[in-house]
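These notes concern the structure reproduced below.
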Amino acid sequence: MRRLLLLVALIWVCSVFYVGIFLFVGGFLLVRLEVNRTSSCADVLSPGAQMKGDFCLSEPRFRRAVVLIIDALKADFTRYDPENTTPKPFENKLPVLNEMTSSQPSNARLYTFRADPPTTTMQRIKGFTTGSLPTFIDVGNNFASNAILEDNLVHQLGQVGKRVVFMGDDTWVSLFPKKFHKSLPFPSFNVKDLNTVDNGILQNIYPTMEGNDWDVLIAHFLGVDHCGHRFGPDHPAMAEKLSQMDGVIRSVIKRLKNDTLLVVMGDHGMTDTGDHGGESQKETDAALFLYSSSPLFSAPGSQEEPEVVPQTDLVPTLALLLGVPIPYSSVGQVLLPLFPQNGSRAALAGLSQAEALWINVKQVNRFLETYSNMAKDIPADSLSQLQADFSNISSHYLAAIHNGHLPSSELVISMQNYLTSVRETCRASWARFNPFKMAAGLIIVGISCILCYVLSEFSHVVLQEGLLKLPILSGVVVGLLVAAGQLFFQGYPETSWCFAAAAVTSVMFFLWGIHSAKCKRTPCDLFTPAMLVLFLRCASLLSDSYVIYEGHVVTFLLFTLGVFVPLRLNWDGLLLPPPAADTPKPHRLLPTVLPSSLVRRETTVLLIWLGQLVGSLYVSLSFHNCREEQGACQPSAFLSPLSRIQDSQLRNLHYVLSVLSLGMWGYLIHRWLRHYGNLNCSSVTVFLSCFLVPVTCVCIGLHWAVSATPEDTFRSLSELIGVAQVYIPRASFCLLALGLLLLWVDPMTVFLKSRTPLNSRGTSLPPPKYRASTGISPQAELHHLIPQLYQRIRHSLDDGGTESGEVDNRPAVEAYGLGTVYSAPLVQLCGLLGLVLLLLHPEGMALAFLLLLLEAGAVLHIHAGSTNLCSQQRHSNDFTVPWGPVVMWSLVASQFFHTTGHLPTFPSIQWSAAFVGFPQGHTGTLLPATLVTLNTFSSQIIFAVACPLLLFWPLVCEVRVTRSDRSSAESEDAVMEMRLRENPQKFSSGLLQLTARYLFVTGAQVFASVCAAAILRRHLMVWKVFAPKLMFEASGFIIGSGFMILGVAMVMRVDISVGRLFKKLLPQNSR
């Protein structure tokens, strides 16, 4: 087996894919250019008549401000309906807001506060402190927050000498390092902790307000957001947290002075399941409450109130009310009701509406000019129109001031329209693309798919002729030359283009080498039903409706392809036993090698496994999650953690089902290993299957029981429960990691039993037999008998020793588990990985994981049964896996992605996986990011690792046949996976062909997602449907391909161990 060349080929192909993906993403998801300039009180905004600055001319309206940020304070949470006699847990729990707005209309207002997507905390903090708009790719920085470099309110408050005190979510400290006069941060990432951050704030906020060492107080509460993540909004815990926030607001209002402004706001909303991150209205609509002890607003009804306040509008509003410059990059618009109307300044001090708007307009125009000179990405016609509008506004405003007139209401409306136009123009322009990178990335991903197809068709030639050396070396050389040229001409190399040049060059040289080798072409199999299903799967990714209902689409395609297998066999006349010899039949049916009884048995087994696949697919639909676009869809009850289920009987039922499914997972794998004799040895395999896996299952069950225990059930044991939540899952992780390590060190699952021959060396006896015994029953042992394997081993190793004899018709050497020597370690590897991934999912997903095992087994047995039945027509020693099973394998992986409650949307990411074993949070971001990634792409991981089983399973399930070309009725027993040792070259080429086909199938789906994002980049649903789908599809491919290489590496590790075993065995029996 050419292990190194095979591994290099796979790494090279995956690398070409990676280059194309990252190049396209780099052109599709560009971040906005940040303008690193700051405003100051001395700034003179053009056009201006005064010599002093524009921002700090008048006395500020307020000297102090208290900003209470209640994370995920949804707009619905703040509405009060006195006629609602049976409110839900999140309804009517903040009556203080209604009381203030109704009793003191001149002092308080409540608005819907609309956020720009993505609705994650870091982006929202950035939005309402800088006044800028985020880009799509910023969502990836939510838990790796870097310092904000753009001008912002916190910086401006510090510049004018304001003492800013912060307490709460520690995200602020990483965003604004060393910017606070005093800070009291608390860890924010642990979504299961509802009280630590809030209680820490409550212990400090009131003493701070009663003191004088502050000017602006910012308190960021997290309890409501964490309650939504953990329990959802419709849970008694939410009512408790909202009631607590109601009391906090009341207490803060009592301590306010006349010169202090109170701002209560949410940074985003939440879905019905408590998640956020997307752009649905439930996620973007938060609440904004403004209050002051002194009159804050004009008389009710005197002016039009906005229905919705964009979050960016808070930045210029607070800046002008507190007497600080508006941040340089802000595109927000001042909230006019907070400023007195023209001619009514006696009632309210500070800037008038026209004055505030004029400063705001000049500041936005300055930013627009600066940005357009730096970035050059705002359309010229839009920029010209905005410049003309600003010139018109300037001339009218300056003329009115010069003549001593008040600006007209029409001019005020013109300034509002200008600010709105600038914001919308920027929003459209910042969704810009780099067409060159996108085109190059799309082309490279496309030729990567072609590369995989060619590699799968000519895998034997690639390995025999060594056609990879020249393409890889030429690619490296060209990449270095491009880097050197860029370094010489422009002073720095662009790594993306260097890698692109290397990838394209290597692929071109490879294709030319295949063409020059004049390889024998095989019949084109691109127009098969399996490839048609793959084409339909890829075509569906260009439709937003099909992407939204992708889980059902994949299930239907998998069902269709599964049912097609027996229909095709029946069409070819292979599903039923052949007719009697005297019945005239087509010539193609005559050369059969399977007896009728075996045909009936194989057909029955195939139909049984097909029925199991269909049943599993039907049940799996009960585990799907719901997208916001699906309307009345209700997510599966199994997706909720047991701690969310309030009915104790239902919670106990879910727990019992989860534990039973967990036990069945371990039992089925153990039963398979025992059936094929892989548990007779004394190696670590027996230890893993018989001891380590059961102990780990017990630990996981205990962890689920502890996690499902309500916090108020055993208060006296709260410390013990807290310790158990930490160390039980960690112990499970350690046990599984130990199992994976031991499996890699000693993957052999063969038990050898030798007998000393009684005959002398010179005695001539029949050649010995070598049995791969299962050790369970005489029938099973006979079925898996491997005769004359000793000679096969000697032939494969070119050993010239003499043969030992056999006595009493018993083999000289009995080998238990040799027939599944390659597949058994892979099955164990998948079993251990499955337990790791299951531990990161909600408890109810144990039944979904059991369905995964059943579906995978059904696909493998359908493939094996089809192969056995097809052997009636052809008998080939080539280890070729048809396209059909490979496409089905990929569809099962996609289907299981949805069965575990995942969706290609950011709100559906199960962040709770980061806290399994770490309920107190993490000090860094690498470990939680790894846990969330393993949770999200668990289906791609398991099926990628298990991909080589498609090659092994037909050999494991092969049947004994009678060769028609033999004169005697001698039967050939099932050799199983030892056929691979007889033909190491075909073994290597077959494994390379299989993995190349799997990469082609999964890569084609990535290519379809790339095409959808490129073609529909101006589509209404691009950022809601197609861009997230691209990110998830590309990430799944990258992670899946990496784990596929791990599975191939495990096969190579087993092959090395098998070679060592045979080398040790031959000297003992060749004497």
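Things to note:
- Residues that are open to solvent by 40 Å² or more (accessible area, probe 1.4 Å) and farther than 30 Å from PRO641 by Cβ within region 174-190 comprise PRO177, LYS178, LYS179, HIS181, LYS182, SER183, LEU184, listed in sequence order.
- Subset tally (residues that are under 13 Å from LEU419 (Cα atoms) and over 38 Å from the mean Cα position of the chain (by Cα)) for region 366-382: 1
- Taken over region 1000-1048, the criterion of being open to solvent by 10 Å² or more (accessible area, probe 1.4 Å) and among the aliphatic types (A, V, I, L, M) is satisfied by ALA1004, ALA1014, ILE1015, LEU1016, LEU1020, MET1021, MET1031, ILE1038, ILE1039, ILE1045, LEU1046.
- Residue match in region 1022-1045 (condition: within 25 Å of PRO907 (Cβ to Cβ), touching a residue at least 60 places away in the same chain (Cβ under 8 Å) and outside any helix (DSSP H, G or I)): no
- Any hit, region 371-392, residues being β-branched (Val, Ile, Thr), part of a helix (DSSP H, G or I) and open to solvent by less than 50 Å² (accessible area, probe 1.4 Å): no
- Residue check, LYS179 in contact with a strand residue (DSSP E or B) (Cβ under 9 Å, 6 or more places away or on another chain) and charged (D, E, K, R): yes
- Residues satisfying the stated conditions in region 68-95, i.e. surrounded by fewer than 16 Cβ atoms within 10 Å (Cβ to Cβ), among the acidic types (Asp, Glu) and not in a loop (DSSP other than H, G, I, E, B): none
- Region 114-137, subset open to solvent by less than 20 Å² (accessible area, probe 1.4 Å) and farther than 29 Å from ARG64 by Cα, residue modelled with the highest pLDDT: PRO118
- Evaluated against (1) at pLDDT 90 or above; (2) part of a loop (DSSP other than H, G, I, E, B), GLY343 falls short on exactly one condition, (1).
- Complete set of residues in region 24-45 that are basic (Lys, Arg) and modelled with pLDDT of 75 or more: ARG37
- The residue list ASP215, ASP193 contains one member that is open to solvent by less than 50 Å² (accessible area, probe 1.4 Å), within 15 Å of ASP225 (Cα to Cα) and among the acidic types (Asp, Glu), which is ASP193.
- Test: residue in region 199-210 that is open to solvent by less than 10 Å² (accessible area, probe 1.4 Å), touching a Gly at 6+ places or on another chain (Cβ under 7 Å) and closer than 20 Å to THR121 by Cα: yes
- The one condition in (1) aliphatic (A, V, I, L, M); (2) surrounded by 20 or more Cβ atoms within 10 Å (Cβ to Cβ); (3) over 30 Å from SER132 (Cα atoms) that LEU256 fails to fulfil: (2)
- Note on region 435-525: enclosed helices (runs of 4 or more DSSP H) holding 1 or more residues that are under 28 Å from PRO885 (Cα atoms) and open to solvent by less than 60 Å² (accessible area, probe 1.4 Å) are 435-457, 459-465, 495-516.
- Candidate set from region 975-989 (those that are out of contact with any Phe, Trp or Tyr (no Cβ under 8 Å at 6 or more places or on another chain) and crowded, with 21+ Cβ neighbours inside 10 Å); member that is modelled with the highest pLDDT: SER988
Here is a yes/no grid of residues against (1) surrounded by fewer than 21 Cβ atoms within 10 Å (Cβ to Cβ); (2) at pLDDT below 80; (3) farther than 19 Å from ARG3 by Cβ; (4) touching a Ser or Thr at 6+ places or on another chain (Cβ under 6 Å):
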{"site": "THR936", "(1), (2), (3), (4)": "no, no, yes, no"}
{"site": "ALA946", "(1), (2), (3), (4)": "no, no, yes, no"}
{"site": "LEU951", "(1), (2), (3), (4)": "no, no, no, no"}
{"site": "THR962", "(1), (2), (3), (4)": "yes, yes, yes, yes"}
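- Residues in region 407-423 that are part of a helix (DSSP H, G or I) and hydroxyl-bearing (Ser, Thr, Tyr): SER409, SER414, TYR418, THR420, SER421.
The values are calculated or read from the model by the stated rules, or taken from the named source; none is laboratory data. Source: prediction; values computed, not measured. Cβ sites come from the backbone with ideal geometry, for glycine too, and all protein chains shown count toward neighbours. The accessibility values were calculated without ligands, DNA or RNA, using every heavy atom of the protein model including side chains. Shrake-Rupley method; radii C 1.70, N 1.55, O 1.52, S 1.80 Å.
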